[in-house]
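S.K.: Here's a structure for you.
The values are calculated or read from the model by the stated rules, or taken from the named source; none is laboratory data. The structure displayed is predicted, hence computed values, not measured ones. Here Cβ is always computed from backbone atoms with ideal geometry, including for glycine, and neighbour counts include all displayed protein chains.
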Ligand SMILES: NC(=O)C1=CN([C@@H]2O[C@H](COP(=O)(O)OP(=O)(O)OC[C@H]3O[C@@H](n4cnc5c(N)ncnc54)[C@H](O)[C@@H]3O)[C@@H](O)[C@H]2O)[C@@H](O)CC1
Ligand SMILES: [K+]
């Protein structure tokens with residue numbers, strides 16, 4: 001039996017794993033990034049120029065770690081932040097510091113036209129309102145160009161609980177979702193805009209008495 005989680009349940013499980021089990025957030029981010037690297041490696045993707053779009057929360061932190069790991073494999077990667085990195089969570093700043101020590105710096109500007117593959121790490125399960133208008137426009141333009149996109153955890157713009165589109169969604173060819181599938185990837189627009197969904201375990205654990213709202 002597989003369990004599906006809502007955004008709130010996933011956040012509870014992340015917190016339980018970090019605070020009670022004691023696995024650090026850095027380890028989870030590294031495992032999340034490595035699982036996406038596995039999927040990229042196993043797929044038939046054109047890696048001529050990978051564009052990683054990173055947001056300001058933990059989904060963005062995963063993206064920065066993915067960009068670093070690709071860069072260290074000798075892949076031509078551009079790391080582009082969506083939003084002002086000065087306002088990013090500490091996890092993102094920390095990942096950026098690490099990436100820079102290895103020689104990967106963020107780009108000031110990027111062009112979808114030059115990308116052979118886009119990694120979407122803008123928003124994950126933390127999305128809780130409509131995407132900012134500027135981002136909606138950017139996403140609509142990116143969808144128009146029809147580059148292959150791998151979504152990190154969930155396509156940006158999809159509500160992890162309902163599957164609704166919050167303004168716009170970067171349409172994915174594949175979604176690598178962490179430890180538990182998300183309800184929002186199985187219904188509504190979320191089901192159609194997330195491409196092939198691959199669940200990769202990164203070590204998130206549920207307490208024995210955890211009440212999942214949905215099991216299939
Ligand atoms: N919690 C953890 O420690 C882990 C989280 N992971 C990743 O982190 C993601 C969740 O990270 P976060 O909870 O930081 O959230 P996100 O990175 O999804 O979003 C960032 C923050 O933006 C704000 N926000 C939400 N909707 C917005 C909107 N429409 N416009 C502007 N700001 C908005 C919220 O404060 C949210 O926390 C997961 O999807 C997964 O990819 C993984 O790295 C595993 C470990
Ligand atoms: K994402």
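S.K.: Restricting to the stretch 169-216, give me the number of residues that are closer than 17 Å to residue 155 by Cβ and in contact (Cβ under 8 Å) with a residue 12 or more places away in the chain.
M.R.: Looking only at the stretch 169-216, we keep the residues that are closer than 17 Å to residue 155 by Cβ, and these are 169-178, 180-200.
Filter again for in contact (Cβ under 8 Å) with a residue 12 or more places away in the chain, leaving 169-178, 180-191, 193-200.
Summing the residues that are closer than 17 Å to residue 155 by Cβ and in contact (Cβ under 8 Å) with a residue 12 or more places away in the chain in the stretch 169-216 gives 30.
S.K.: Residue 48 - would you say it is surrounded by 15 or more Cβ atoms within 10 Å (Cβ to Cβ) and away from ligand 2 (no atom under 16 Å from the Cβ)?
M.R.: Numbers: surrounded by 15 or more Cβ atoms within 10 Å (Cβ to Cβ): no; away from ligand 2 (no atom under 16 Å from the Cβ): yes.
Spelling it out, it is not the case that residue 48 is surrounded by 15 or more Cβ atoms within 10 Å (Cβ to Cβ) and away from ligand 2 (no atom under 16 Å from the Cβ).
S.K.: If you take the residues of the stretch 114-133 that are outside any loop (DSSP other than H, G, I, E, B) and more than 9 Å from ligand 2 (Cβ to nearest atom), which of them is modelled with the lowest pLDDT?
M.R.: At the first step, the residues of the stretch 114-133 found to be outside any loop (DSSP other than H, G, I, E, B) are 114, 117-121, 133.
Now drop any that are not more than 9 Å from ligand 2 (Cβ to nearest atom), which leaves 114, 117-118, 133.
Values: 114: 92, 117: 98, 118: 98, 133: 97.
The qualifying residue modelled with the lowest pLDDT is 114.
S.K.: Moving to a separate point now. Looking only at the stretch 86-130, which residues are within 13 Å of ligand 1 (Cβ to nearest atom), surrounded by fewer than 23 Cβ atoms within 10 Å (Cβ to Cβ) and in contact (Cβ under 8 Å) with a residue 24 or more places away in the chain?
M.R.: Correct list: 87, 88, 89, 91, 94, 126, 128, 129, 130.
S.K.: Being over 21 Å from residue 216 (Cβ atoms), touching a helix residue (DSSP H, G or I) at 6+ places or on another chain (Cβ under 7 Å) and part of a loop (DSSP other than H, G, I, E, B) is the filter here, so list the residues in the stretch 159-171 that pass it. Break it down into steps so the answer makes sense when it comes.
M.R.: Filtering the stretch 159-171 down to residues over 21 Å from residue 216 (Cβ atoms) leaves 165-171.
If we keep only those that are touching a helix residue (DSSP H, G or I) at 6+ places or on another chain (Cβ under 7 Å) as well, we get 165, 167-171.
Answer for the stretch 159-171, where residues must be over 21 Å from residue 216 (Cβ atoms), touching a helix residue (DSSP H, G or I) at 6+ places or on another chain (Cβ under 7 Å) and part of a loop (DSSP other than H, G, I, E, B): 167, 168, 169, 170, 171.
S.K.: Residues being assigned to a loop (DSSP other than H, G, I, E, B) and near ligand 1 (Cβ under 9 Å from one of its atoms): count how many of those fall in the stretch 25-81. Outline the logic, then answer.
M.R.: If we filter the stretch 25-81 for residues that are assigned to a loop (DSSP other than H, G, I, E, B), which is where we start, we get 43-49, 55-57, 73-76.
In the following step, the residues that additionally are near ligand 1 (Cβ under 9 Å from one of its atoms) were identified as 55-57.
Final tally of qualifying residues: 3.
S.K.: Give the residues of the stretch 1-22 that are near ligand 1 (Cβ under 9 Å from one of its atoms), in contact with a helix residue (DSSP H, G or I) (Cβ under 8 Å, 6 or more places away or on another chain) and either touching a residue at least 12 places away in the same chain (Cβ under 8 Å) or over 20 Å from residue 91 (Cα atoms) (or both), sorted by residue number.
M.R.: Selection gives 7, 14, 17.
S.K.: Looking at the stretch 42-59 only, could you name the residues that are within 15 Å of residue 175 (Cα to Cα) and touching a helix residue (DSSP H, G or I) at 6+ places or on another chain (Cβ under 6 Å)? Reasoning before the result, please.
M.R.: So the first thing to find is which residues in the stretch 42-59 are within 15 Å of residue 175 (Cα to Cα), and the list is 42-45, 52-53, 59.
Scanning the stretch 42-59 gives a single hit, 52.
S.K.: Here is a follow-up. Across the stretch 143-158, which residue is farthest from ligand 1 (Cβ to nearest atom) among those that are more than 17 Å from residue 47 (Cβ to Cβ), in contact with a helix residue (DSSP H, G or I) (Cβ under 9 Å, 6 or more places away or on another chain) and in a loop (DSSP other than H, G, I, E, B)?
M.R.: My answer is 155.
S.K.: Can you name the residue in the stretch 174-209 that is within 13 Å of ligand 2 (Cβ to nearest atom) and part of a loop (DSSP other than H, G, I, E, B) and, of all such residues, is surrounded by the most Cβ atoms within 10 Å (Cβ to Cβ)?
M.R.: Result: 194.
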